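Data block below; observations after.
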């Protein structure tokens, strides 16, 4: 029995939430003489109550979803069908279920709303039944969305080192802003223990390796969310991880340098051998060779050189030196007018050494030119660009 909170002008009593489906008796009685009592039944019974939807229940979950479910009435006909309507008791707006779930016969037995943020503090859920063969009464449920909410699973995030571990988490709700938490911690093989918390963070000293899980509840309520999935934290190796990252980077760089160095060494070994006697003129044209530099060190002591034998006979060294000496005896020539033609004073051992060098250069020119090729006209002799030991000394 529901009592009227207060009669207005002793003439009527307001009810802000009045059942639409369940039949109730409402009685008005006097509290003083003359005594009287009058009763009514509301709403009027319509159809078989056992055919109506049974065990109607709703749940707010995953922050924004409202799901309601029910069972087919025990005496409902086989062609029965149900429809659900949601009415906000603050605005009295009525909305039909946008998404139904059905059983094996195709009868609606479930409904889901995807946005509960617009709901007020009280809502009324109505499930109407219909059948071509009989009248089916409705079923109803009046709820507070915040009271039927199952909080979403909190997810723990954290950072740690060998000294301490900091864990944080968040819980979202459109109907609640204050929560309480149970944090379960198990360190190593020790038995787990639980911390009762009102804040959404926790600092664990000397954490080592541990496993944690969490559940949340509404303030001043006894209903808890499900436990979150256990999360493992390994805080002993935090510094070692940084060291391993640094060591890995250093080893990669060292490996790259060794690879480049090995490539340079292998490339140098694969190059063809180079004749040291021709390294200077061939690699750096226009630069005198080392042998030429040695001869140029004492041009006055060059001995006369006999003419070369062969079809390309050169001018005698004595005549070249004499001509050169005659030129130098003119003004601006060598001191004393003697010129370079006075090479007769050259020591015999130097004269023989210069002839040996000329012979080596002739042989090398023949190998370079070959028979029938090169700049020597195909004779196998040195090319015209070859310069004898005596000639380099007179340059």
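The values are calculated or read from the model by the stated rules, or taken from the named source; none is laboratory data. What you see is a predicted model, and the numbers here were worked out from it, not measured in a lab. In this analysis, Cβ positions are derived from the backbone assuming ideal geometry, glycine residues included, and neighbour counts consider all displayed protein chains.
Criterion first (closer than 22 Å to residue 64 by Cβ, surrounded by 11 or more Cβ atoms within 10 Å (Cβ to Cβ) and over 38 Å from the mean Cα position of the chain (by Cα)) does residue 103 satisfy it?
No: the conditions fail for residue 103.
Suppose we keep only residues that are surrounded by fewer than 19 Cβ atoms within 10 Å (Cβ to Cβ) and part of a loop (DSSP other than H, G, I, E, B) within segment 204-225. Which one would you say is nearest to the chain's Cα centre (by Cα)?
Once the filter is applied, the top-ranked residue is 208.
For segment 13-32, give me the residue count where each residue is loosely packed, with under 11 Cβ neighbours inside 10 Å and in contact (Cβ under 8 Å) with a residue 40 or more places away in the chain.
2
This table checks each residue for (1) modelled with pLDDT of 95 or more; (2) buried (at least 17 other Cβ atoms within 10 Å of the Cβ); (3) at positive phi; (4) not in a strand (DSSP E or B).
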position: 110; (1), (2), (3), (4): yes, no, no, no
position: 132; (1), (2), (3), (4): no, no, no, yes
position: 153; (1), (2), (3), (4): no, yes, no, yes
position: 171; (1), (2), (3), (4): no, yes, no, yes
position: 189; (1), (2), (3), (4): no, no, no, yes
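Mind checking which residues of segment 75-108 are part of a strand (DSSP E or B) and over 15 Å from residue 59 (Cβ atoms)?
Residues satisfying the conditions are 81, 82, 83, 85, 87, 88, 94, 95, 96, 100, 102, 108.
Tell me, please, whether a residue that is surrounded by 12 or more Cβ atoms within 10 Å (Cβ to Cβ), under 28 Å from residue 229 (Cα atoms) and not assigned by TED's automatic domain parsing to the domain that holds residue 176 can be found in segment 116-129.
Yes, some residue in segment 116-129 is surrounded by 12 or more Cβ atoms within 10 Å (Cβ to Cβ), under 28 Å from residue 229 (Cα atoms) and not assigned by TED's automatic domain parsing to the domain that holds residue 176.
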